[in-house]
Amino acid sequence: MKSFHQNDFCDSLRRRISGASRIAIVGIGDELLPVDRLGMLAAKDIEKLQLPNVKVFFAGTMPENMTAPLRVFRPDHVILLDSADIGAQPGTIAIIKPGRIQASLVSVHAMPLTLFMEFIAKDSKTKVTLLGIQPNITRHDVGLSAEEHEYLDQNLAKLFSILSDIRVKN
């Protein structure tokens, strides 16, 4: 199991979204599958924060259906949240680079996420970042254990803090 240093994740994400004042969060995954629902659950938690500079979209298993809503919102940065096997402790959040997408994602999408990311970047003229959330892949029939969920909550709190620091440009 890989060791991920969450401060590296936070610093890298802060650099990526630096200067952005409108952030789109896209939750991806199948809510009925414990191994694939973490992106959707994380997006719901972010939506509860009601951050004025962040709009949450729920793509489910069809992220390509979000192209028109994203175009209307006109974000400075799009953050995709999806379950991903990154070989880390369940609940770990990490930035997944485009070249690692096929090997990492747990989800099965109608369109490859690399194509979706490229299209959004070109169509909306914005940056796109994929955040993978490590599910518990050893037990497909259940979700995260209480300990794993606590770890995910700690990592989500760091993500919430980063998003809360975004300033709306006047």
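Each value in this text was obtained by applying a stated rule to the coordinates, not by laboratory testing. In this text the structure is predicted, and so the values were computed from the model without any measurement. When we count neighbours, we look across all protein chains shown, and the Cβ atoms used for this are built from the backbone with ideal geometry, even at glycine.
In bins 10 Å wide, starting from 0, what share of all Cα pairs of the range 6-164 does each bin hold, as a percent? Using 10 Å bins, I get a P(r) of 11, 45, 37, 7, 0 for the range 6-164.
Where both partners of a DSSP beta bridge lie in the range 6-164, what percent of those bridges are antiparallel, to the nearest 5? Please list the in-between numbers first.
Values: 5 of 23 bridges.
Approximately 20 percent, going by the DSSP bridge assignments.
Can you tell me the relative contact order of the range 6-164? Whole percent, Cα pairs under 8 Å, sequence separation 6 or more. For the range 6-164, the relative contact order is 30 percent. Paramagnetic label reach from Arg74 (point 7 Å along Cα→Cβ; backbone nitrogen cut-off under 14 Å): within the range 19-40, residues 21-23.
Report the full-extension gain for the segment Ser145 to Lys158: residue separation times 0.36 nm, less the Cα-Cα distance, to one decimal in nm. List each step's numbers first, then the result.
Working: separation 13, 0.36 × 13 = 4.68 nm, distance 2.01 nm.
The span from Ser145 to Lys158 would gain 2.7 nm if fully extended.
Computed from phi, the 3J(HN,Hα) profile of the range 62-77 under the Karplus parametrisation 6.51, -1.76, 1.60 (θ = phi - 60°) reads 10, x, 5, 6, 8, 4, 5, x, 5, 4, 5, 5, 6, x, 7, 8 Hz, with x in place of Gly and Pro. Scalar couplings 3J(HN,Hα) for the range 43-53, obtained by applying the Karplus form with A = 6.51, B = -1.76, C = 1.60 to θ = phi - 60°, are 4, 4, 5, 5, 4, 4, 5, 6, 6, x, 9 Hz; x denotes Gly and Pro. In order along the range 116-132, phi translates into HN-Hα couplings of 4, 4, 4, 5, 4, 4, 6, 5, 9, 6, 9, 8, 10, 10, 9, 9, x Hz, rounded to whole numbers, per the Karplus curve 6.51 cos²θ - 1.76 cosθ + 1.60 with θ = phi - 60° and x for Gly and Pro. Can you compute the label reach from Asp85? Point 7 Å from Cα along the Cβ direction, backbone N cut-off under 14 Å, restricted to the range 22-36. Under cut-off, by backbone N: 35-36. Between the amide H of Val128 and those of Val78, distances stay under 5 Å, these residues lying 5 or more places away or on another chain, with hydrogens modeled in the peptide plane.
Can you classify the range 37-86 as rounded, prolate or oblate using the Cα gyration tensor, where a ≥ b ≥ c are the square roots of its eigenvalues, rounded means a/c under 1.5, and otherwise it's prolate if a/b beats b/c and oblate if not?
oblate
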